[in-house]
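To start, the structure itself, in structure tokens.
The values are calculated or read from the model by the stated rules, or taken from the named source; none is laboratory data. The structure presented is a predicted model; accordingly, all values stated were derived computationally and were not measured. Backbone-built Cβ (ideal geometry, glycine too); neighbour counts: all protein chains shown.
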Amino acid sequence: MIEPSSVIQMRGIVKRFPGVLASDHVDFELRRGEIHALLGENGAGKSTLMNILAGLYRADEGTIVVHDKPVNFSSPRQAIQAGIGMIHQHFMLVPSQSVTENILLGLDHPRFRLRLAENERRVAELGEQFGLKVDPKAKIWQLSVGEQQRVEILKMLYRGADILILDEPTAVLGPAETEQLFKTLRGMTTQGKSIIFISHKLNEVMAIADRVTVMRRGKVTAADVSTKSTSTAELARLMVGREVLFRVQKQPQTPGPVVLAIEDLTATNDRGLPALQKLNLQVHAGEIVGLAGVAGNGQRELAEVATGLRRAASGRILLNGENLTNQPVRRAIARGLAHVPEDRNRVGSSPNLSLTDNMIMKQYLQSPIGRGWQLDAGEAAAFAQRLKQSYEISAPSVETQARLLSGGNLQRLILAREITAQPKAMIAMQPTQGLDVGAVEVVHRLLLEQRQQGVAILLISEELDELLSLSDRVAVIYEGAIVGEVTDGDIEKIGQLMTGSV
Amino acid sequence: MSAQPSAPAQRALPFRVRFVPREIVPGWLPALVSLGAIVLALLIGAVILALVGGDPIAAYAQIARSSFGSVAVFSDTLVKATPLILVGLACAIAFRMRLWNIGAEGQFFLGAWGASAVVLIPLVSNTTSPWIVIPLMMVAGMAAGALWGFIPGILKARFNVNEIISTLMLNYIAIAWNNYFIFGMWSEGGFQMSKTFPKNAWLPRLADYARSVRAFSGLTTHLGLVFALVAAVVVWFILNRSRWGYEIRLIGDNPRAAQYAGIPIARHTVLVLMLSGALAGLAGMSEISGVVHRLQGQISPGYGFTGIIVAWLAKLNPFAIILVSILFGALILAGREIQPSGIPKMIQGIILVCLIASDFLLRYRVRIQRVR
Amino acid sequence: MDPIIILQAGVATGTVLLFATIGEIFAERAGVLNLGVEGMMLMGAMSAFSVANSTGNAWLGVLVGMLVAGLLSQLHAFIVIQLQADQVVSGLALTFVGTGLSLVLGEGLSKAGAGALLPRFSLPGLAAIPFLGPIFFTNQSVMVYLGYLLAPAAWYYIYHTRPGMNLRAIGEYPAAADSMGVNIYRLRYFYVFVGGMLAGLAGATISLAVSPGWFSELTTGGQGWIAVGLVIFAQWNPLRAMFGAYAFGALRRLILDIQGPALLFGASNIFKTHQSLTYFLEMLPYAFTVIILVIGSREAVRNRLGAPAALGVPYVRGERGR
């Protein structure tokens, strides 16, 4: 038997970001013609490792060998020249240009004239060869997400890449498109391409990959696992870890009456496609309902519609019986609906304004800060000072600009602001994303305190640990609808519901 | 990580220059940097003057003499500063919301037209008390200016039309509109100007009180300056002490956060541009009623555009706008006496260039490191 | 009021707008809004006229005018690309600097009178085409003919060449272009320079061909600003710019000429009896530009046309969001 040749060997890769060890002496090996899954939860360090391989980041320590040659990439261009192409979650495509133009972008040829017809034919041929069907003349904005992904793959193949890295490629795809992609990937391996498939979805990994490397918290927990000799349950254990990572003191509590009720809610996403499809969900007073789901299944749209930031096509949102559907945001705020948005920097705060200005965002209309048309600067500063102290937000002063806060401090600010408004219900989306361990604990403690106070909390998260340790119930969203509910913390069942395999 | 694209690592030098984002801006730094920028601009201006064979020291001395040399010329400087303060405020309030109103010039002309209409239609007679005529002209001027702000406002709010271009185009339309009346309906004997307004439509000047206060004799400063100063206080209050001002600042810095906080952005877009237009319109009214006393073509040496610079130089601070306006008023005044006449305009431009370039120093620290 | 004369003059004066507009199209396609066109045109007009007068060589004047305006544009480029300052304010500053500097340096030029000028001629053969010949090919300046070549060439460059494709990409989605190894910063400097050179060419066309001489600010009389508006009217397309520029030029001539005849379309000419009414005609192009914007904003949503998406946005590479 011939030893399968390895095309990539990464040894002892270390990458530090401020406050985080994103990659902790990681080894990784890819063989020719295989589909190799890199499995792990969000924040496990998968993307960091692959960004190093693709030349976007530089490793602090470690060696990389590609095709038996040691390499040290300082730009994606060099990685592509070495035959490594990465397809990111956010596509790097120019919307107003055609498929062919996007593929030719940045190349040294054609010399001057574009010769579009000729190159369109070559793109079509390449697509034919690898089963990536896409109209070379079409403009990117006219294409579906799946087609755009094909363009990204074609872009790399056109540049002669023989190693493809796909970062969560199915996160944006429907089931049919996913199936199509898998078929394409298998076809490509028979033509000698090697593929790294980054994912946190167990079923997909089992379906597509030959071998698996599992990562958790910046470390490899299992390498060289063959999918033929493992099971979904085994992979789940390796990915999540046996121990519950955060031991949270949760008082037993009987939920009160329904506070937040969502009935048959339907809405579309930014592209005008259905995002929520007759979604029903209830949250009681003093209860945390966790919403689990693979990113892009309508979580963002749900949070936005419920808080009035996005229009509902049909259905109702009731807060303590009052209909808030398609009402101004201000109404929801006044009725006591708090919102911890997914993007703290771009939505939840105003970066160049002071802490004070950021803290009074939901309070400035009420006395004592707002008096008639006036804004009492003294009261505002005093209010901010109180919040800064009681929530231990570390910053030089309340006049400091919000952009200078660390992620954890900014999230504290947002939670402090939302909590001080004494909400009846709260929608928190990804509240601990990107935070370090200490900050995560603070956020968890604050959420549980609110539960104790009788607030109805909808916690939307992609961290299963977090959902399981905080929530009284976990509802699972799949393709814009609630497909099931878990109360006993059965991780495997949640995983199956999330991937729509029940 | 340095966000600066090309901090050139020059191999030939034993050190390299790096730009590090500044975390905390000390309170004294902006004022110092602005002052430094102005000094640098004056130096660059001097070098250019010397290069074309002029005498920079004499030129600057002449500028200073002809604008600050005596009480009488300083009074003239204040007259030039008056419309600048109002237009600067108009720009400042719009810029706070990141609305690029570069149509203050047109709003100024329309304000002048609106005020003139009160006298020229006429809505009042020669004998009506000035206590009625002047407020009526103010209201008409501000309303006309506000209308000229409303149009780009609604276009932006409804159709997402870029306000830079719409306000710019409206400038030309406003000037043509004025010309129609100057050359046609309100033309006096075929000249390109209206008749002189009756005295009851004139803003009182200091010189009008020379009989009681001798020192006022010949001083041209008029009541419009008081309007401007009051407006500065009002705008400061709106921006810093009112709920509306808070909302404007929030939209200006992060519209998505403003939306999240429940602020209706479209409505504020229209309102802010209307207020901006009203202030510029008041400037037009004050100029017509306080200085020119008739409607004519040449009523603005580009006040609307200079106002943009004034607002920016003053970092959108209403009180700083007053100071900067006096400086620029002096430059405009000097422009009429000094040769070549382009010097003040050139210096204005260089000051602005130096100032926006110096902003970089507020955002980044310059670090010089030894190369190891 | 002869339509042929109006159109002929429209093409001649429109050529100035055409150069400036195409220049601004290049800069904006690269993602840099440069509101300093008026200032660059004045610098171009002044230096071209000055050099042509002192050397007697009009072509040398054109060259110097283009270079001077191009150089001035690099001030804006440095401020907005390197220092990431606001493009609107910097562009305005450039207008002030250019206007002021041209007045200072052009002191005394207004008395100089016209010296060396660019040649004007008819194109044999083409001039004989009925209707079109007298308008486009009879007794026009060499610059007008250059305009006929430049607009299609610019159009071809933008839409049918590889550098043109990269140009569109850096104004549309610089991060995508950057990830494929396109040098955003260098190209943005370059296209701002091209824009400046063409603004300088527009200025030189005024002072050496269309209305020869140096009349301080009145030399350009706000045409730089019109060019900025025309870019939007043209939807960043040089061929549409050609149509818009000539139409604008013709309209300006029409406003002058329409006051002449006693009868207009068989009726009494109100523009003769009430000459001030022509000011409403003067508003038309500007009002039209605004209307185009309204329609354009609708159309843009539907067809993804319109402004380059990254217009006015400084590009900062690899900032890891917190």
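What to note about this one:
- Conditions (1) surrounded by fewer than 16 Cβ atoms within 10 Å (Cβ to Cβ); (2) of a type outside the set (A, V, I, L, M, F, W, C); (3) assigned to a loop (DSSP other than H, G, I, E, B); number of the one not met by A:Ser96: (1)
Table: residues versus (1) surrounded by 23 or more Cβ atoms within 10 Å (Cβ to Cβ); (2) under 16 Å from B:Ala311 (Cβ atoms).
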site	(1), (2)
B:Val233	no, no
B:Ile238	no, yes
B:Ser242	no, no
B:Ile248	yes, yes
B:Pro264	no, no
B:Val272	yes, yes
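- Qualifying residue in segment C:97-114 (condition: among the polar types (S, T, N, Q) and buried (at least 23 other Cβ atoms within 10 Å of the Cβ)): yes
- Tally, over segment A:422-451, of residues that are modelled with pLDDT under 90 and on the phi < 0 side of the Ramachandran plot: 10
- Cβ pairs under 7 Å, 6+ apart, first in segment A:374-402 and at the interface with another protein chain (Cβ under 10 Å from one of its Cβ atoms) and over 12 Å from A:Met359 (Cα atoms), second of a type outside the set (A, V, I, L, M) and exposed (fewer than 13 other Cβ atoms within 10 Å of the Cβ): A:Asp376/A:Pro368
- The helices (runs of 4 or more DSSP H) found entirely in segment C:51-164 that carry 3 or more residues being at pLDDT 90 or above and within 14 Å of another protein chain (Cβ to nearest Cβ) are C:58-77, C:87-105, C:142-160.
- Matching option when the condition is farther than 18 Å from B:Phe328 by Cα and under 20 Å from the mean Cα position of the chain (by Cα), among B:Ala112, B:Ala50, B:Ala31, B:Ala92: B:Ala112
- Of the strands (runs of 3 or more DSSP E) that lie entirely inside segment A:387-502, those containing 2 or more residues that are among the β-branched types (Val, Ile, Thr) span A:456-460, A:473-478, A:481-486.
- Residue match in segment B:238-247 (condition: without any contact (Cβ under 8 Å) to a residue 12 or more places away in the chain, among the small types (Gly, Ala, Ser) and assigned to a loop (DSSP other than H, G, I, E, B)): no
- The number of residues in segment A:316-332 being under 19 Å from A:Gln282 (Cα atoms) and crowded, with 19+ Cβ neighbours inside 10 Å comes to 4.
- Check on A:Ile165, touching a Leu at 6+ places or on another chain (Cβ under 6 Å) and either closer than 26 Å to A:Ala44 by Cα or aliphatic (A, V, I, L, M) (or both): no
- Residue within segment C:217-228 that is part of a helix (DSSP H, G or I), more than 14 Å from every other protein chain (Cβ to nearest Cβ) and modelled with pLDDT under 95 present: no
- Hits in segment B:89-143 (condition: surrounded by fewer than 19 Cβ atoms within 10 Å (Cβ to Cβ) and among the hydroxyl-bearing types (Ser, Thr, Tyr)): B:Ser125, B:Thr127, B:Thr128, B:Ser129
- Residues being at pLDDT 90 or above, not in a helix (DSSP H, G or I) and not charged (D, E, K, R) - total across segment B:195-218: 6
- For A:Pro351, the stated conditions hold: it is at negative phi, within 11 Å of chain B (Cβ to nearest Cβ) and surrounded by fewer than 19 Cβ atoms within 10 Å (Cβ to Cβ).
- For C:Ala175, the requirement of being more than 19 Å from the chain's Cα centre (by Cα) and either away from chain B (no Cβ under 14 Å) or of a type in the set (Lys, Arg) (or both) is not met.
- Of everything listed in (1) among the β-branched types (Val, Ile, Thr); (2) outside any helix (DSSP H, G or I); (3) more than 30 Å from A:Ser350 (Cβ to Cβ), the single unmet condition for B:Ile102 is (3).
- For B:Val79, the conditions (1) touching a strand residue (DSSP E or B) at 6+ places or on another chain (Cβ under 8 Å); (2) assigned to a loop (DSSP other than H, G, I, E, B) are fulfilled apart from (2).
- Some residue of segment A:2-20 being part of a loop (DSSP other than H, G, I, E, B), over 29 Å from A:Ser406 (Cβ atoms) and of a type in the set (Asp, Glu): yes
- Odd one out for A:Ala59 among (1) within 21 Å of A:Arg217 (Cα to Cα); (2) assigned to a strand (DSSP E or B): (2)
- Restricting segment A:55-80 to residues that are more than 11 Å from A:Met10 (Cβ to Cβ) and in contact (Cβ under 8 Å) with a residue 60 or more places away in the chain leaves a set whose member that is surrounded by the fewest Cβ atoms within 10 Å (Cβ to Cβ) is A:His67.
- Residues being at positive phi and either surrounded by 24 or more Cβ atoms within 10 Å (Cβ to Cβ) or touching a strand residue (DSSP E or B) at 6+ places or on another chain (Cβ under 9 Å) (or both) - total across segment C:79-96: 0
- Residue count for segment A:269-292 satisfying the condition of being at pLDDT 90 or above, at positive phi and either β-branched (Val, Ile, Thr) or surrounded by fewer than 18 Cβ atoms within 10 Å (Cβ to Cβ) (or both): 1.
- Residue list for segment C:37-54, restricted to those being in contact with a Phe, Trp or Tyr (Cβ under 8 Å, 6 or more places away or on another chain) and surrounded by fewer than 24 Cβ atoms within 10 Å (Cβ to Cβ): C:Ser50
- A:Leu464 at negative phi and either out of contact with any Gly (no Cβ under 9 Å at 6 or more places or on another chain) or not assigned by TED's automatic domain parsing to the domain that holds A:Thr499 (or both): no
- Evaluation of C:Thr205 against (1) of a type in the set (Ser, Thr, Tyr); (2) over 27 Å from C:Leu42 (Cβ atoms); (3) more than 14 Å from chain A (Cβ to nearest Cβ); (4) buried (at least 22 other Cβ atoms within 10 Å of the Cβ) (one fails), failing number: (2)
- Members of segment A:82-110 that are over 28 Å from the mean Cα position of the chain (by Cα), without any contact (Cβ under 8 Å) to a residue 40 or more places away in the chain and more than 7 Å from every other protein chain (Cβ to nearest Cβ): A:Ala82, A:Thr100, A:Asp108, A:His109
- Across segment B:173-205, the number of residues qualifying as surrounded by 20 or more Cβ atoms within 10 Å (Cβ to Cβ) and away from chain C (no Cβ under 14 Å) comes to 5.
- Enumeration of residues in segment B:326-360 that are within 12 Å of chain C (Cβ to nearest Cβ), over 21 Å from B:Val47 (Cβ atoms) and surrounded by fewer than 19 Cβ atoms within 10 Å (Cβ to Cβ): B:Phe360
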